[in-house]
Amino acid sequence: MIVISMTDNIVKIRGHAGYAPRGQDIVCAGLTALTQTLVESIEGLTGNEIKYDMSPGRVDIEIKDPDEDAQLLMDSFFVGAEMIADEFPEYVRVEIRNDLGL
């Protein structure tokens, strides 16, 4: 299962979907596309400072003092992640938290 934990300025993603074999897992592919788009959009479209680390089964993203543009991008990521979690609840869970230190 993939668990996505979010605060106002932090996203942590842990785990693997296990929906299908590697290279065929549409759940993983969808979340990977959303995650990479979030990082590249914040870096390229806003003036926000972002730190991130991505490796298989693990993503940490932190945005220092997100402005309105960065918050909109984070909200958009949340909407997409929630849609995937609603469609595949046994493979993805999204948590909104306030205790995620990086």
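The values are calculated or read from the model by the stated rules, or taken from the named source; none is laboratory data. No experiment lies behind these values; they were computed from the predicted model shown. No Cβ is skipped: glycine too gets one built from the backbone with ideal geometry, and neighbour counts run over all protein chains shown. Accessible surface areas use protein heavy atoms only, side chains included; no ligands, DNA or RNA. Shrake-Rupley method; radii C 1.70, N 1.55, O 1.52, S 1.80 Å.
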| Cβ under 12 Å from Val39's Cβ, Val39 left aside: what net charge do those residues give with Lys, Arg +1 and Asp, Glu -1? | -4
| query | Which net charge results for the neighbourhood of Gly30, defined as the other residues with beta-carbon distances under 14 angstrom from its beta-carbon, given Lys and Arg at +1 and Asp and Glu at -1? | reply | -4
| query | Relative contact order for the range 5-61: what is it in percent, counting Cα pairs under 8 Å that are at least 6 residues apart? | reply | 41 percent
| Where the chain is the region considered: accessible area per residue in Å², 1.4 Å probe | 59 Å²
| Taking the Cα centre of the chain as the origin, how large is its charge dipole in debye, to the nearest 20, when only Lys and Arg (+1) and Asp and Glu (-1) carry charge on their Cβ atoms? | 540 debye
| request: Just the number, please: carbon plus sulfur as a percent of the accessible area of the chain, 1.4 Å probe, no ligands or DNA/RNA counted. | output: 51 percent
| remark: With the 8 Å Cα cutoff and a minimum separation of six or more residues, the range 1-99 has a relative contact order in percent of 40 percent
| said: Can you compute the charge dipole magnitude of the range 60-100 about its Cα centre, using +1 on each Lys and Arg Cβ and -1 on each Asp and Glu Cβ, nothing else charged? Give it in debye, rounded to the nearest 20. | reply: 120 debye
| note | On the formula 1/(1 + (r/R0)^6), with r taken between the Cβ atoms of Met83 and Glu49 and R0 of 35 Å, the FRET efficiency rounded to 0.05 is 0.80
| query | Just going by the charge dipole of the chain, with Lys and Arg at +1 and Asp and Glu at -1 on Cβ, which of Gln24, Val59, Ala85 is farthest out on the positive end? | reply | Gln24
| remark: The summed charge of the Phe78 Cβ neighbourhood (under 14 Å; Lys/Arg +1, Asp/Glu -1) stands at -2
| request: Once you have the Cα-Cα distance between Ser76 and Arg14, take 0.36 nm times their residue separation minus that, and quote the gain in nm to one decimal. | output: 20.4 nm
